Structures are given as C-alpha cells and as structure tokens.
Amino acid sequence: VQLQASGGGLVQPGGSLRLSCAASGSIFSINVMGWYRQVPGKQRELVATITNGISTKYTDSVKGRFTISRDNTKNTVYLQMNSLKPEDTAVYYCGAGRFFPQYWGQGTLVTVSS
C-alpha cells in the first residue's frame, strides 16, 4: 500500500486547509485511515481516523474544527481543517491499515502563523 499526502502549507490563524491522502496498491486490506501529526521533540499523535468510511474519531483539541472524510471512489481520505490555531502547526502524516496504522505516507507540513 502506498499513501500520497498533499495539501499542507502556510496559513494564518483562523484560516483553513484541506489535506488529501490518496491510497494505492492492496487497499482491500485497509479498514482504518487517519491523520497524525508530529512536532519536533514530541511523539506522533492521532488527529483523526475514519473506519470503514463511516466511523470517525478525533482528538479533543480538534473536535468541532477538523473533519475527516473518505472518498472510496478515489481511495482518498481528506482532512478539512478550519479555525486553525498556531498550536496546530506540525508535520501531518497519513496512516492506514486493517486495525491500526501499518502504512504511512510522507509528511506534509502545516504551519499556522501570522
């Protein structure tokens, strides 16, 4: 399975970005897709996951601001990020697997700064 992430960039506080992660290869084995983020010196943390294209989970700090969705026709998962805060600044990684992340995409940097 290969994951190709895109959509990061520089945005001002309060702004929005949408991340995309396209999956290819043996995707029939993938039940869970999600986004994780990491800042220097800290562990990678879960941001949001979507299971079987339906059930979603979010870390508390992004609830009400971020929305994860999956387009099965395009084998792509999206993360719509609204009301961005400076503390959302991180490298965001797409992860996918049967029950937990087994495959990772390359990171995409999101910087929230004025």
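The values are calculated or read from the model by the stated rules, or taken from the named source; none is laboratory data. All of these numbers come straight from a predicted model, not from anything done at the bench. Cβ coordinates were reconstructed from backbone atoms using ideal geometry, including for glycine residues, and neighbour counts include every protein chain displayed. These accessible areas exclude ligands, DNA and RNA; they are computed on the full protein's heavy atoms, side chains included. Shrake-Rupley method; radii C 1.70, N 1.55, O 1.52, S 1.80 Å.
What to note about this one:
- Virtual spin-label span in nm between ARG18 and ASN72, 7 Å along Cα→Cβ: 2.1
- Under the simplified labelling scheme, the ASP60-GLN43 pair shows an inter-label distance of 1.6 nm, with each label point 7 Å from Cα along Cα→Cβ.
- For the chain, convex hull volume per residue from C-alpha positions, Å³: 89
- Dipole of the chain [Lys/Arg +1, Asp/Glu -1 at C-beta], most positive-end residue of LEU10, PHE66, GLY97: GLY97
- Taking Cβ atoms as reference points and 12 Å as the exclusive limit, the residues near SER113 contribute a net charge of -1, counting Lys and Arg as +1 and Asp and Glu as -1.
- Solvent-accessible area per residue for the chain (1.4 angstrom probe, square angstrom): 53
- Protein heavy-atom surface of the range 1-75, 1.4 angstrom probe: 48% of the accessible area is carbon and sulfur, with nucleic acids and ligands not counted.
- Remark on THR89: its backbone amide H falls under 5 Å from those of VAL112, a criterion applied only to residues 5 or more positions apart or on other chains, H modelled at 1.01 Å from N.
- Whole-Hz Karplus values for the range 81-86 come out as 10, 10, 6, 5, 10, x Hz, taken residue by residue from phi with 6.51 cos²θ - 1.76 cosθ + 1.60 and θ = phi - 60°; glycine and proline positions read x.
- Karplus 3J(HN,Hα) series, Hz, for the range 3-18 with 6.51 cos²θ - 1.76 cosθ + 1.60 (x for Gly, Pro): 10, 10, 9, 7, x, x, x, 9, 9, 7, x, x, x, 10, 8, 10
- Each other residue within a Cβ distance under 13 Å of LEU17 adds +1 if Lys or Arg and -1 if Asp or Glu, for a net charge of +3.
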